[in-house]
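Worksheet: one structure, shown below.
The values are calculated or read from the model by the stated rules, or taken from the named source; none is laboratory data. If you're wondering where the values come from, they're calculated on a predicted model, not measured in any experiment. Don't worry about glycine lacking a Cβ; one is built from the backbone with ideal geometry, like all the others, and counts go over all protein chains shown. Accessible surface areas use protein heavy atoms only, side chains included; no ligands, DNA or RNA. Shrake-Rupley method; radii C 1.70, N 1.55, O 1.52, S 1.80 Å.
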Amino acid sequence: DAPSEAECKRAQEYWRATGAAMKAGGLTVCYIGNLGQRNIAEMKTVIEAATILCRLQCPVRFVICGGGVLLTKYRQLAKDCPNVFLTGHVGYPEIFTLMSFSNLGIIPYPNSPDFQLSIPNKVGEYLSAGLPILSSIQGTLGELLVSSDCGYTYEGTNPHQLASLLREMSRTRERIARMS
């Protein structure tokens, strides 16, 4: 169920106050989940890609929601990167509203055998909001993204590849609309 109208209004105000709500013409990539040890290399890749895009003045923002043992470390890593917003834990109205203004959902998980054989819950969450998916997982999820034309895979430890993919997507928005 969707949050109430009042909850959505408060959540929209929250996003405006953080500066994370994207202005027209840019892309917003969201991640909603735990910031723990399991995906440390892959989340670092996301922040490094954001840094590359910032230097190139490419209008792509990353809104990373969630708590975990590495939140402080990621905030430090992204401190000079104004296109990365690490919010910590947020509630359902903020998540619902974030997904409504995001263009892509990202799943920066290890490309390990357990993930290669499964489809994480994040997939259903993002697809239910009409968000195409960027994933560092090959295997079953990678095949689904290609066969259903609802997302892309990238190498989870290659920030240049991720930045290049997002830079191209920011220029050709029609493909994102089609995948949605």
**Item:** Dimensions (Å) - region 104-165, Cα atoms, principal axes, largest first
**Value:** 29, 25, 18
**Asked** Relative contact order of the chain: what whole-number percent is it, with Cα pairs under 8 angstrom and at least 6 residues apart?
**Response** 24 percent
**Message:** Charges at C-beta only: +1 for Lys and Arg, -1 for Asp and Glu. How large is the resulting dipole of the chain about its Cα centre, in Debye rounded to 20?
**Reply:** 600 debye
**Message:** Please list, by residue number, every one of the trypsin sites (Lys or Arg not before Pro) in region 65-112 that is coil in DSSP and has at most 10 other beta-carbon atoms within 10 Å.
**Reply:** 79
**Message:** Once ligands and nucleic acids are excluded and a 1.4 Å probe is used, how much of residue 86 is accessible, expressed in Å² to the nearest 10?
**Reply:** 20 Å²
**Asked** With charges set only on the Cβ (+1 for Lys and Arg, -1 for Asp and Glu), what does the dipole of region 27-85 come to about its Cα centre, in debye to the nearest 20?
**Response** 100 debye
**Message:** When a/c reaches 1.5 or more, the comparison of a/b and b/c decides; with that in mind, is the chain rounded, prolate or oblate per its Cα gyration tensor?
**Reply:** rounded
**Request:** Compute the separation of the alpha-carbon centres of region 13-50 and region 69-130 and state it in Å as a whole number.
**Result:** 6 Å
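Express the Stokes-Einstein translational diffusion coefficient of region 61-111 in µm² s⁻¹, to the nearest whole number, given a Kirkwood radius over alpha-carbon pairs, 4 °C and a viscosity of 1.567 mPa s.
Details: Rh = 12.0 Å.
Stokes-Einstein gives a translational diffusion coefficient of 108 µm²/s.
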**Asked** What is the list of residues in region 141-180 whose amide nitrogen lies under 18 Å from a point 7 angstrom out from the Cα of residue 56, following Cα to Cβ?
**Response** 152-176
**Asked** Quick one: if you stick a label point 7 Å off each Cα along the C-beta vector at residue 89 and residue 174, how many nm between them?
**Response** 4.5 nm
**Request:** Quick one: among 29, 60, 69, which has the greatest mean-square fluctuation in a GNM of the chain with alpha-carbon springs under 10 angstrom?
**Result:** 69
**Prompt:** For the charge dipole of the chain, defined by +1 on Lys and Arg C-beta atoms and -1 on Asp and Glu C-beta atoms about the Cα centroid, which residue among 158, 110, 139 has the Cα displaced farthest towards the positive pole?
**Reply:** 158
